[in-house]
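The values are calculated or read from the model by the stated rules, or taken from the named source; none is laboratory data. Here the structure is a predicted model, which means the values were calculated and not measured. Cβ sites come from the backbone with ideal geometry, for glycine too, and all protein chains shown count toward neighbours. What goes into the accessible areas is simple: the full protein's heavy atoms, side chains included, and nothing from ligands, DNA or RNA. Shrake-Rupley method; radii C 1.70, N 1.55, O 1.52, S 1.80 Å.
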Amino acid sequence: MNDGGNRLKSIKYIVLITALLAPACAPDEPSTQSAGKSLLDPPTDGSGLQYRMTSTIAPGSESYGCRLFQVPPEGLVIRGQDVAFGPGGHHVLLYRTPYRAIPSQDEQGVAVDALTEHDCSEGATARWKVDAVLGGSESFGSVGMLHRLPDGVGVVLEPNVVLVMSTHYLNTRSAPLEVDARINMLTMPREELRIEAGLLYMDNRALRVPPFGEASARMRCPVPEDVHVVSLQSHMHARGVTFEASLLAPSGTTTSIYSTTSWQEPPVRELDPPLLFPRGSTVEMRCDYKNTEARPVAYGLSSSDEMCQLIGPYFPKNARFERCEDESGAPLATWVGSGKASGAETVHCLREAMTREKGVGYAYYDCVHAACSTLAAEVSAVVRCHEAKRAADCANRCQGSDAGDCVSCLAQTCAAEEQAAREAGSP
């Protein structure tokens, strides 16, 4: 695909992967030893650092691994990354955490030697507190999501901040698989930094695909201030058949910014010059799925689950844009249904789903998807309120054994949002 200098680079991908990886160097330092010519050499002295994880995956198994690293006391300014991992790998990701020292326990209070490879089967963000994505690659053979930034543009890492490296491998062979994942963090002197960059990571968890059925997941996020996007890449699992991302301008015009029909080899669209997302516009992504299994599929990290993500570095950094949040930190995502249910029917469906599931799950999001698309704003306001109040005003009642008590609390605290959805009427 060619569009005014924008290049679409194909990425080689192999089946979903997880890697439980053990360090190949001293546990408190990134690797500085030669990686050899077969994978990825570390940066030369003074030009960056390499973070590395290695392990052995048992035959016929899927593996998720994590390892923590600490940024040097002087901090880092990242101008780009190189990423490499072997066959069997689905993704290698790097996250920033709020920690300023390596924790001795995870967020569940479980003791762990975090400087070595450890299991992250529930996901890195379930075991560790994470506040931003810092790069990596979602596809085997990809240049990576933070490949190169324009001159003078860089991602700033504070002194001593702790990073989480996360890998996902799948060994389909009958023999053990030796895996090796490496991320080179290419740096520049702080005095050369003119504009701080961030990394967009739109992640739609409100998805479900019925048994032997088809479904779409659509999500929108607003752009609060002008930003320039350097590249874009999608991420889905094996049921994904189409990914589309569009930019909805304040004037009402819609521009396609990314498209692919490949879940196995999602392309990286490098934007040269970077593409302007103007203030007041909206980013929408849509994932279409086809399920050939006799079970429903919902959001999750493993190959048996599904995902819908749009990823890309941009500048200048804007936390509200990056996290799809408002000024208070509350979520601002809008989910667009594809059914015919009215607002009243959708509110009733959401309540019933929470009672049956004792929480938010497949049935809950089925209600969101069954709603008429014209009710997206009102239904999404209800969903956002439910999410916020389950963690705040209704936390105690929603953690109890009576699901009806939780639903009753949410009905009271989200009464205005639920009423607005009912009054939005029928499609």
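Scaling the Cα radius of gyration of region 134-237 by the globular reference 2.2 N^0.38 Å produces a ratio of 1.41.
Each stretch of four or more DSSP H residues adds -39500 (n - 2.57); spread over every residue of the chain, this sum gives -5000 deg cm²/dmol at 222 nm.
Among the listed pairs LYS129/LYS290; LYS129/LYS340; LYS317/LYS340; LYS290/LYS340, those with a Cα-Cα distance over 31 Å are LYS129/LYS290; LYS129/LYS340; LYS317/LYS340. Averaging Cα coordinates gives a centre for region 108-182 and one for region 397-418; these two points are 36 Å apart. Show me the trypsin sites (Lys or Arg not before Pro) within region 54-145 that DSSP assigns to loop and that have at most 16 other Cβ atoms within 10 Å of their Cβ. Answer in residue order: ARG100, LYS129.
The magnitude of the dipole of region 103-224, with charges of +1 and -1 set on the Cβ of Lys/Arg and Asp/Glu and taken from the Cα centre, is near 500 debye. In straight-distance terms, cross-link reach from LYS358 covers every one of the aspartates and glutamates whose alpha-carbon lies under 16 Å from its own, apart from those fewer than eight places away in the same chain; here that gives ASP366, GLU387, ASP402, ASP405. Pairs of alpha-carbon atoms within less than 8 angstrom and 6+ residues apart define the contacts here; what relative contact order does the chain have, in percent? Computed value for the chain: 17 percent relative contact order. FRET efficiency for the ALA395 to LYS290 pair, using the beta carbon distance and R₀ = 41 Å, is estimated at 0.60.
Dipole orientation for region 57-208: of the candidates TYR64, MET165, TYR201, TYR201 has the Cα lying most toward the positive pole (charges on Cβ; Lys, Arg +1; Asp, Glu -1). Each of LEU93, SER174, VAL227 was placed along the dipole of region 78-234 (beta-carbon charges, centred on the mean Cα), and the one lying farthest toward the positive end is VAL227. In this rough spin-label picture, where each label sits 7 Å from Cα along the Cβ direction, the THR374-SER61 distance is 5.5 nm. The alpha carbons of region 348-403 stretch over 35, 21, 15 Å along the principal axes, in descending order.
The Rg/Rh ratio for region 303-402 is 1.01, where Rg is the radius of gyration of the alpha carbons and Rh is the Kirkwood radius.
Classified by the C-alpha gyration tensor, region 31-180 has an oblate form. Its axis ratio a/c, with a ≥ b ≥ c, is 1.5 or above, and a/b does not exceed b/c.
Taken one residue at a time, the phi angles of region 371-385 give Karplus couplings (6.51, -1.76, 1.60, θ = phi - 60°) of 6, 5, 4, 6, 9, 4, 5, 5, 5, 5, 4, 5, 4, 5, 5 Hz. Gly and Pro are set to x.
For the chain, a simple Cβ point-charge model (Lys and Arg +1, Asp and Glu -1, everything else neutral) yields a dipole of about 560 debye relative to the Cα centre. Report the one residue of VAL347, CYS394, CYS372 whose Cα lies farthest in the direction of the positive end of the charge dipole of region 341-413 (charges on C-beta: Lys and Arg +1, Asp and Glu -1; origin at the Cα centre). Looking along the dipole axis, the top candidate is CYS394. Computed over protein heavy atoms with a 1.4 Å probe, the carbon and sulfur contribution to the accessible area of the chain reaches 49%. Taken about its Cα centre, region 191-341 carries a charge dipole of about 640 debye when Lys and Arg each add +1 at the Cβ and Asp and Glu each add -1 at the Cβ. For volume of the Cα convex hull per residue in Å³, one of (i) 151; (ii) 136; (iii) 204 was computed from the structure I shared and the rest are decoys. Which label? Computing volume of the Cα convex hull per residue in Å³ and matching it to (i) 151; (ii) 136; (iii) 204 gives (i). The residues of the chain have, on average, 41 Å² of accessible surface per residue, using a 1.4 Å probe with all protein chains present.
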